[in-house]
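Report on the structure given below.
The values are calculated or read from the model by the stated rules, or taken from the named source; none is laboratory data. This is a predicted model, so every value here is computed, not measured. Cβ placement follows ideal geometry from the backbone for every residue including glycine, while neighbour counts extend to all protein chains displayed.
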């Protein structure tokens, strides 16, 4: 893509009301624009990042055997009355009236809807287990939405729900999803730790959070480096001191950003909503359920929080809006014509290239390149052309390297 | 995909409150499930169709040089006050209160949001023209939502907005989008006619609708077969009789389903919201705008309305959930093992195959295959295996053909 045609040019100062680091950098770089507190538009560059994250999520969820569906945002009160959650949700769920005085809520989570869907189409143990997920815009009437993409009133979520005939079948899948989550976060450039957290009031089991340690995180985690055990401070026994309950080793506290969480739901929803299957003996039993959430938009914000320097963002390879940022320096016909040729060559080779073909100063172009954070920068200038070369620099590294134009493609592929 | 693992098995009778043909067939086939009036979940098969339509839309919009963005669903009243549309939208827009007594509306259209976005990032004629689109869940407080996917309270829309410095530049792009729309509908298997319609109260120009002629359509169109001219009856002069205003030929009336519409917006929004650019002479002028809508979910419903028979849906190739439906008939080990092999072979060749590996009767399997409407059916049974063959039948055709297993792959590719 030619940068001269790209909508969303960079701006020098982030909007004044943006206080979080992720929102400031993403706003300056032309990735997002705030419409109201906790509500963002994604400009072309930002949407590319978000879509890449969603696709990684999709691939990893499909690999567990899950199937993608898409449920509605509008939800009728009647369904939530079956589990008795309508009243309790008033604080976080946008609720309003539709025509005919019907009560409607905006989807903040979908246990009721998925359980309704499954009870309509699944009847026998032969059809289980099944795991269904969606990647969807979610809504929460959030009181403190000041953390950019980390805490939105409108945000993207992948929510998955699994249905099983036995506890052990559920546990097997739950563990599989744990590994799949770690793999997924790794592909997004995030080192996420599995953290024990409360399972809620309806189970004695723990749930599990996936936390990225980061100073700007809202959660506090007890973490033992020796055995990698971690607990959300919310569930730590009082006076636990600084000893790890697993290995007795020293425990540190860290701030963390929660990028995902998974819950055993047991039969809480299937029981209340009569989502049953017939077992081998013809007996009807409620399905055993699990739920598995994560936020693609929050992941995007978290990546920026942990992967940046004072010049801008440093996108990990798999989620970067483009793989290569080709920058033509010096507003010179010879430079532009060489860069044009190289651009065509790279695109033909199947690479995702943002090509800065604008007539701007070297200072502006290099500054923008650092701000945008594309993993590899290739500069073409009169100086590099004198040596029939281009300069390659990785965003995350200090050193640049001159490479002959003939050898550029193979060097990049390495 | 193995059908035994597919969530959303077919059902004999559509839900009782489904009266439209598209919803009845889509519900029976396991493509969609209604949650409330005008609000649907997409099951795996339905989501595949919807995603294919969205991708065709994306490709065709990108080909016009437009860029994809994603705007929020939640919109603040303040923005709509700038154009004075908040009050007038009360009937169709879901409006409610958020925290701090703020007024929020659910996105039914995005002229205000996109104009706000563009005025924040574009300042000079050098940065124009620009065309931006999104593919997004939209909401309307619809009084009569009884037509399945044709008229939803929650539905998918592609809305695109273009910004220009001159009227002639706008017109050039508007005509380009017209052609792009025709191409797009053709790829979806729809023969859409361009129909003149009212431009609304703020312009003397016409807008243009894209109508698929169909008995179940809600609109009435005057259409002249001789010169292909068409007008929505809403704007026909009184006493126009049955003569075409263009060629004097005979005019027929047809019912139509509107699958898209495009509007010249002139400076209605840019003027009200001060979305201006500086021209070559340093003068500030409001941008000239156009908007271009279409509904991927409505397209899905329309395809079913016009492409079906009494056995089920007949999906056009490019939007079909799978290209091939492989059906193993006769619950016989030899049949399943041959079908398994063929399935692996087709998938390895890059084909999208739904494989009916269920232990069900031939009647149920063939009935389901017709209902699902996948373009090509390949049957493996003891009868076909006796001749070392499989039977190929196109869903839209009557005749089946026996093809030797060795030659199957090349035959399919033809």
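A few comments on the model shown:
- Any hit, the stretch B:23-34, residues being at the interface with chain A (Cβ under 7 Å from one of its Cβ atoms), surrounded by fewer than 22 Cβ atoms within 10 Å (Cβ to Cβ), modelled with pLDDT of 95 or more and touching a strand residue (DSSP E or B) at 6+ places or on another chain (Cβ under 6 Å): no
- Being under 22 Å from residue A:307 (Cβ atoms), more than 10 Å from chain B (Cβ to nearest Cβ), more than 17 Å from the chain's Cα centre (by Cα) and surrounded by fewer than 23 Cβ atoms within 10 Å (Cβ to Cβ) is a description that does not apply to residue A:2.
- Checklist (1) in contact with a strand residue (DSSP E or B) (Cβ under 7 Å, 6 or more places away or on another chain); (2) closer than 30 Å to residue A:215 by Cα; (3) within 11 Å of another protein chain (Cβ to nearest Cβ) applied to residue A:143, failing item: (1)
- Against the test of being crowded, with 19+ Cβ neighbours inside 10 Å, at pLDDT 95 or above, closer than 21 Å to residue B:8 by Cβ and over 32 Å from the mean Cα position of the chain (by Cα), the options B:320, B:390, B:328 yield a single qualifying residue, B:328.
- Residues (facing chain A (nearest Cβ under 10 Å), buried (at least 22 other Cβ atoms within 10 Å of the Cβ) and not in a loop (DSSP other than H, G, I, E, B)) located in the stretch B:75-111: B:75, B:104, B:106
- Just one of the numbered conditions (1) surrounded by fewer than 21 Cβ atoms within 10 Å (Cβ to Cβ); (2) in contact with a helix residue (DSSP H, G or I) (Cβ under 7 Å, 6 or more places away or on another chain); (3) without any contact (Cβ under 8 Å) to a residue 60 or more places away in the chain is not true of residue A:216: (3).
- Which listed residue, of B:385, B:371, B:354, B:366, is in contact (Cβ under 8 Å) with a residue 24 or more places away in the chain and more than 28 Å from residue B:11 (Cβ to Cβ): B:385
- Residues of the stretch A:21-74 classified as within 28 Å of residue B:5 (Cβ to Cβ), touching a residue at least 60 places away in the same chain (Cβ under 8 Å) and part of a loop (DSSP other than H, G, I, E, B), total: 6
- Taking (1) closer than 30 Å to residue A:37 by Cα; (2) more than 9 Å from chain A (Cβ to nearest Cβ) in turn, residue B:68 satisfies each apart from (2).
- Output for the stretch A:112-136, where each listed residue is more than 16 Å from residue B:33 (Cα to Cα), touching a helix residue (DSSP H, G or I) at 6+ places or on another chain (Cβ under 9 Å) and assigned to a strand (DSSP E or B): A:130, A:131, A:135
- A count restricted to the stretch B:289-317 and to residues that are under 30 Å from residue B:127 (Cβ atoms) and surrounded by fewer than 24 Cβ atoms within 10 Å (Cβ to Cβ) stands at 3.
- Residue match in the stretch A:9-16 (condition: assigned by TED's automatic domain parsing to the domain that holds residue A:130 and buried (at least 23 other Cβ atoms within 10 Å of the Cβ)): no
Listed here are the residues, each with its yes/no results for (1) at pLDDT below 90; (2) more than 22 Å from residue A:307 (Cα to Cα); (3) crowded, with 18+ Cβ neighbours inside 10 Å; (4) in contact with a strand residue (DSSP E or B) (Cβ under 6 Å, 6 or more places away or on another chain).
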site: A:154; (1), (2), (3), (4): no, yes, yes, yes
site: A:166; (1), (2), (3), (4): no, yes, no, no
site: A:188; (1), (2), (3), (4): no, no, yes, no
site: A:197; (1), (2), (3), (4): no, yes, yes, yes
site: A:203; (1), (2), (3), (4): yes, yes, no, yes
site: A:211; (1), (2), (3), (4): no, no, yes, yes
site: A:227; (1), (2), (3), (4): no, yes, no, no
site: A:241; (1), (2), (3), (4): yes, yes, no, no
site: A:246; (1), (2), (3), (4): yes, yes, no, no
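- Every residue from the stretch B:46-65 that is within 11 Å of another protein chain (Cβ to nearest Cβ), under 30 Å from residue B:371 (Cα atoms) and out of contact with any strand residue (DSSP E or B) (no Cβ under 6 Å at 6 or more places or on another chain): B:48, B:51, B:58
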